[in-house]
């Protein structure tokens, strides 16, 4: 997109120059006029080709952003929903492996894939005063938030595995008939509470990301004028979840 944009600008400038020369050389010899006119026509064609390429790439990138933004929104809703179900169960459940921390980690990885498929870094608009470049930059920042989410989710999942590993060691000690240190049991209780708190905070963080993405999507929709409006997409999604 950037190459087509630069090519278009260069071709337009050269076309103007040779167009002016063609006008000036109308009174000069026919050969000079013919050469300049041919060059002028060539650059006009090049300009048209470059502009077609630019707008084709632009349309593709905007469509990719639109499609993957919706997939990302659905994915974040799924993460929020799963975490919302986990939070009240952490304190009472005996085996944290029964909870869907591994699924959350997989979904967080998908978020990054959706952001990468948008092709945000390839967008290069003509108008700097347009709202769209600002939204693209905000989406690039939002992409960084998805890496942060992946990091936090992975660490939380590791905590659950470490907790279960400690539980396994304690059970082995019990089976051997050895007295379990009180500190070990107390530490496990504290560790579980720590995991519960981290899960609750991460649930709030994801809820904040959904609000942020919703705002960005609404602004993007105003600039892009998609056939399916963002509000209609959310309404359809809400109807699906009600079934």
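On the given criteria, is residue 156 part of a helix (DSSP H, G or I), free of Cβ contacts under 8 Å to residues at least 60 places away in the same chain and surrounded by 13 or more Cβ atoms within 10 Å (Cβ to Cβ)? Yes: the conditions hold for residue 156. Of 55, 126, 142, all but one fail to be at pLDDT 95 or above and either exposed (fewer than 13 other Cβ atoms within 10 Å of the Cβ) or over 20 Å from residue 199 (Cα atoms) (or both); the exception is 142.
When 107, 139 are screened for being part of a helix (DSSP H, G or I), touching a residue at least 24 places away in the same chain (Cβ under 8 Å) and more than 9 Å from the chain's Cα centre (by Cα), only 107 passes. Screening region 92-104 for residues that are surrounded by fewer than 15 Cβ atoms within 10 Å (Cβ to Cβ) and in a helix (DSSP H, G or I) and picking the one that is nearest to the chain's Cα centre (by Cα) gives 103.
In region 77-91, the residues that are surrounded by fewer than 19 Cβ atoms within 10 Å (Cβ to Cβ) form Cβ pairs under 6 Å with partners that are not in a helix (DSSP H, G or I), at six or more places apart or across chains, as follows: 82/100.
The values are calculated or read from the model by the stated rules, or taken from the named source; none is laboratory data. Everything numeric here is computed off the predicted structure, so don't read it as measured data. Don't worry about glycine lacking a Cβ; one is built from the backbone with ideal geometry, like all the others, and counts go over all protein chains shown.
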